[in-house]
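Here the structure comes first, spelled out in structure tokens, and everything after it is commentary.
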Amino acid sequence: MLLTQARTVKDAFPFIHQILTDAFQIDTFYFSYPYQELHKIDKGFREMVWAGFSNENEGRWDVHNHVLADHYQLFLVESVLGFYNLIAFVTLGENPDFISVGPFCTQTVSDSFFKKLIANAPTLQGNVPVLKHFYESLPVVNSDELVTMLTHLVCAFLPEFESVSLKDIRYLKNERFFTEDETHVQSFSSEMAETFAKQLQLLMENVERGQSREAWVQLQKILSLRHISDTCPISKLKAELVGFNTLFFGQMLNTHIPAFNVCRLWHTLSQRIQFETKTIALCRLFHEMVRKYCVLSQNHTDTDCSLLTRKMKFYVEEHLAEELSLQVLAGSLGKNASYLSALFKKETGQTVTEYIQQERVRAAVRLFNEGAASVTQVASAVGIPDCCRFSRIFKKYTDITPSQYRKMMRM
């Protein structure tokens, strides 16, 4: 089934499964009543280490609970055995469907990890080799990032899930049921939630229309509401970026833009988020992400240009910091350079070189507007590491030098 035809979370689950697998190398399962093969939730580990335990019977919680029947739910489940699962109930009624993500660890497995584990569960004392084999097979995941991504993925197909609050619960072997830890329940005031929802809706609409300036204004308001700044820990910045990337991804999949283009941009940004280690770069990535998704929208709604010209523009936008020329574009698109040059000039009134320079200057202006980056840093970031050449090109399109513009912005 095509993703654009998915009407329910169940329809879209293969897509959700693939995204989570690619991002976290984690297992994901969809369960419907009568909930067969529940041992997959923990890879049968509880049955292996606890005599007489059965996932199919003792390990199943009571889904005939009115809370589960009347509300969508999202649980971060911590086992007394030291691993976690993320459980999302995505239908209502007495026997709701649910997604299980995991098992996973939230910290690297070490000797101290096992000592703490055995202290909490003394019956595991004789199973250390088995424990090590099991835990070393589990992915180590930032739970905040995982929760954010799953939530946004589900919301793309079940908008009502947006109002769900994460609940941290512990699964205790001796009691065989979930006990909710009220101190970890996350909640927002109704006023804050309403404000956030409105800003988020405006952001999504502006991104879908390719209105980058308006979208950035809305994003800044949202970041302020969520207290996101360069003082936040890197893990929090990454979690927020993963969330926004997934949110924009889902929004764009519902448009006329080819899914391949949307997936490629999502993957590119995911890699940037995963491997970036500097706080300032992560903060800038919020703006860059909005801009790239807006450009993607613009390039597929520019009816005055052919598809080939739009592809050229998109390639330039995606590779501003790299070597760019007519020959590079021709090679990447598999077309004749002379043909591309004539087509681009005819449809845009600019040469390819002029367009590349113009876009680099625009990117430089945005970077100067965002913060205290030096001229040298900005020049390198937009693909013109020669500061003298960068200064000439910048002045050509703005009538002032980069240093003058930077000084003006800092006044």
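The numbers here are math on the coordinates, done by the rules we state, and not lab data. Every value quoted in this text rests on a predicted model; they were computed, and no experiment measured them. Cβ atoms come from the backbone with ideal geometry, glycine included; neighbour counts cover every protein chain shown.
Mind giving me the FRET efficiency for residue 318 and residue 374? R0 is 22 Å, r the Cβ-Cβ distance, nearest 0.05 is fine.
Given R0 = 22 Å and the Cβ-Cβ separation, E is 0.35.
Specify whether the C-alpha gyration tensor of the stretch 194-268 places it in the rounded, prolate or oblate class, a ≥ b ≥ c being the square roots of the eigenvalues: rounded for a/c under 1.5, otherwise prolate if a/b is larger than b/c and oblate if not.
oblate
So between residue 205 and residue 345, what do we pick up on full extension, going 0.36 nm a residue minus the alpha carbon distance? Don't jump to the answer; show the numbers that get you there.
Working: separation 140, 0.36 × 140 = 50.40 nm, distance 3.17 nm.
47.2 nm is the gain from fully extending residue 205 to residue 345.
Once phi is turned into ³J(HN,Hα) by the Karplus curve 6.51 cos²θ - 1.76 cosθ + 1.60 with θ = phi - 60°, what whole-Hz value does each residue of the stretch 393-399 show in order, with x for glycine and proline?
5, 4, 5, 4, 9, 10, 6
Starting from 0 in steps of 5 Å, tell me what percent of the Cα-Cα pairs of the stretch 239-396 lands in each bin.
Calculated P(r), rounded to whole percents: 1, 8, 17, 19, 20, 18, 11, 5, 1.
Tell me, in nm to one decimal, what length is gained between residue 40 and residue 362 on full extension, where the rule is 0.36 nm per residue of separation less the Cα-Cα distance?
110.8 nm
How high is the FRET efficiency from residue 332 to residue 217, r the C-beta distance, R0 30 Å, rounded to 0.05?
With R0 = 30 Å, the Cβ-Cβ based efficiency is 0.35.
With a point put 7 Å past each Cα toward its Cβ, work out how far residue 137 is from residue 404 in nm, to one decimal.
6.7
Answer with one residue from 300, 287, 376: the one whose Cα lies farthest towards the positive end of the charge dipole of the stretch 191-409, charges on Cβ with Lys, Arg +1 and Asp, Glu -1.
With unit charges placed on the Cβ atoms, the residue in question is 376.
Can you compute the modelled spin-label distance between residue 354 and residue 114, with each label point 7 Å from Cα toward Cβ, in nm?
Result for the modelled spin labels: 6.9 nm.
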